[in-house]
Amino acid sequence: MQIFFFSDQLRPLVERYHTFSVSKEYCRYAFKQSYKDLNIPPILVHGDLHFNNILWAMDKNGDAKNEISAIVDWQTIQEGSPMTDLARFLVNCCDGNIRRQAEEMAFKFYHECLTKEFGGDTTKVPYTIEQLKTAYNYAFLTQCFFIIGLPDFFLSISKVTDERLKEAQFDYGVLKTLHAYQDADKLLQGEMKHVFEKYGK
């Protein structure tokens, strides 16, 4: 299958960020050091948080509820940034529309939840909303370039035989990828330009 409608927009971004997207140095920095430079204490990170590793509770009719029963597959557990799992989940599990909406509220909500855990005492929360946003951006840039292969992968294991449906699913995946690349482009040409200049040349 070919990328039709979105190829003219996606291809230049793939080419521009190829070197950055495969930079081991950037990944090492993002996962191991970036949050430390932001004065964010490490937390326990799952490392591979996506929909296949989340089990949902079932109701009496056997339908999934809006309640997590378990998170599985902890083989990549590590200490790291509090935004690592969130970035992996949102990039891999949401289309651009949903991800962008979640990014508008997630950091404030995360901070509010922590504040409640500390009995409403904001002085005990170890980071600000701005620190979380920046930490998320570093984590986002470790995830967004790797979803480009997902449309092909999922179609290869799909049992769908209707070619029109397969094409629609593929286009959906490509659009999701395009949105991720566009948001990476905005970051790397804007507030995180210094990161691109260091790791993307």
Practice prompt. Translational diffusion coefficient, Stokes-Einstein: compute it for the chain using the Kirkwood radius over C-alpha pairs as Rh, at 37 °C and 0.692 mPa s, and state it as an integer in µm² s⁻¹.
Written response: 177
Worksheet item: In what order do Arg28, Arg99, Arg164 fall by count of nearby beta-carbon atoms within 10 Å, going from fewest to most?
Response: Arg164, Arg28, Arg99
Worksheet item: Ranked highest first by the average count of other Cβ atoms within 10 Å around their residues, in what order do 30-41, 189-200, 139-150, 80-91 fall?
Response: 80-91, 139-150, 30-41, 189-200
Worksheet item: What ³J(HN,Hα) values, in whole Hz, does the Karplus curve 6.51 cos²θ - 1.76 cosθ + 1.60 give for the stretch 66-77 when θ = phi - 60°, with x put for Gly and Pro?
Response: 7, 8, 7, 8, 6, 10, 10, 6, 9, 6, 9, 4
Worksheet item: Any idea how far the Cα center of the stretch 58-116 sits from the one of the stretch 172-200, in Å?
Response: 22
Worksheet item: Ranking Thr177, Thr128, Thr123 by Cβ neighbours within 10 Å, fewest first, what do you get?
Response: Thr123, Thr128, Thr177
Discussion item. Counting only helical runs of four or more DSSP H residues, what would the 222 nm mean residue ellipticity of the chain come to if each run contributes -39,500 (n - 2.57) and the total is spread over all its residues?
Written reply: -17500 deg cm²/dmol
Response to the item:
Expressed as a whole-number percentage, the relative contact order of the chain with C-alpha contacts under 8 angstrom and at least six residues apart is 28
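Read-outs throughout are calculated quantities, based only on the coordinates presented, and are distinct from any laboratory measurement. Not measured: the values here are computed from a predicted model. Every residue, glycine as well, gets a Cβ built from its backbone with ideal geometry; the counts of neighbours run over all protein chains shown.
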